[in-house]
Amino acid sequence: MIRVLIADDQAMVRTGFGMIIGAQPDMEVVGEAADGVDAVAEARRLKPDVALMDIRMPRMDGLQALRLLAGPDVPEPVKVVVVTTFDLDEYVHQALLGGAAGFLLKDSGPALLVEAVRAAASGDALISPSITVRLLQHLSAPAPTGGDGGLSPRELEVVRLTARGQTNAEIAGELFISVGTVKTHLGSIHTKLGTRNRVEIAAWAWERRLVS
């Protein structure tokens, strides 16, 4: 079971997310928090597999709580997926630098929320496709030279589609392969590029102008 903590200052949001997570056969909600201070305390106490974290919360905002739970100096980081109404570039940038294992908008829908939780639990990261391209164009300074990183032509296709914000299922559909094969390709890509998640794969592609 994937154990999930939900941190949001709106009770209706916590209830809604709880219903979505609770309906999954492989997930359970182990705790809730209405502000950043309680989110940090509950995460440290419960040690969830994944924490869903809002940004704008009282006492301590979600970005500060994220840094305390998943920052580079945290010995046992929590996998935090930031879920917010605001898709400001600065928020996304700070969240990724703070160690977020995903960034979703609250209107992304149940399917993407569930996929983001599963991705975080497995060590991957998912960003709302609606903001992935804009985000990476904003954050990545294009490199003057290219290079394929030793990737095969099919792996490069997977990289390009990942950089456009497509999910594993969407990549599989476009390339006429199974989702399992997509995951195999992503594993090989991680090994060859030294990346840790699909966000870093996408950034690598944008920096080398492999995506227009």
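Total residues in the stretch 58-75 satisfying the condition of being assigned to a loop (DSSP other than H, G, I, E, B) and under 14 Å from Ala95 (Cα atoms): the figure is 3.
Ile21 meets each of the listed conditions (1) over 20 Å from the mean Cα position of the chain (by Cα); (2) over 24 Å from His93 (Cβ atoms) apart from (1). Screening Ile6, Ile55, Ile20 for residues that are touching a helix residue (DSSP H, G or I) at 6+ places or on another chain (Cβ under 6 Å), part of a strand (DSSP E or B), hydrophobic (A, V, I, L, M, F, W, C) and within 23 Å of Asp107 (Cα to Cα) leaves exactly one candidate, Ile6. Consider the stretch 152-170 and keep the residues that are part of a helix (DSSP H, G or I) and under 18 Å from Leu104 (Cα atoms). The one that is most open to solvent (accessible area, probe 1.4 Å) is Glu170.
Scanning the stretch 198-212 for residues that are within 16 Å of Ala101 (Cα to Cα) and open to solvent by 30 Å² or more (accessible area, probe 1.4 Å) turns up just one, Glu200.
Among the residues making up the stretch 171-212, those that are under 23 Å from Ala121 (Cα atoms), modelled with pLDDT under 80 and part of a helix (DSSP H, G or I) are Arg198, Val199, Glu200, Ala202, Ala203. Pull up the stretch 171-184, narrow it to residues that are under 18 Å from Ala119 (Cβ atoms) and in contact with a Leu (Cβ under 9 Å, 6 or more places away or on another chain), then point me to the one that is surrounded by the fewest Cβ atoms within 10 Å (Cβ to Cβ). Checked the stretch 171-184; the qualifying residue surrounded by the fewest Cβ atoms within 10 Å (Cβ to Cβ) is Thr181.
The values are calculated or read from the model by the stated rules, or taken from the named source; none is laboratory data. Here the structure is a predicted model, which means the values were calculated and not measured. We place every Cβ from the backbone using ideal geometry, glycine too, and count neighbours over all the protein chains shown. We work out accessible area using only protein heavy atoms, side chains counted, and drop any ligands, DNA or RNA first. Shrake-Rupley method; radii C 1.70, N 1.55, O 1.52, S 1.80 Å.
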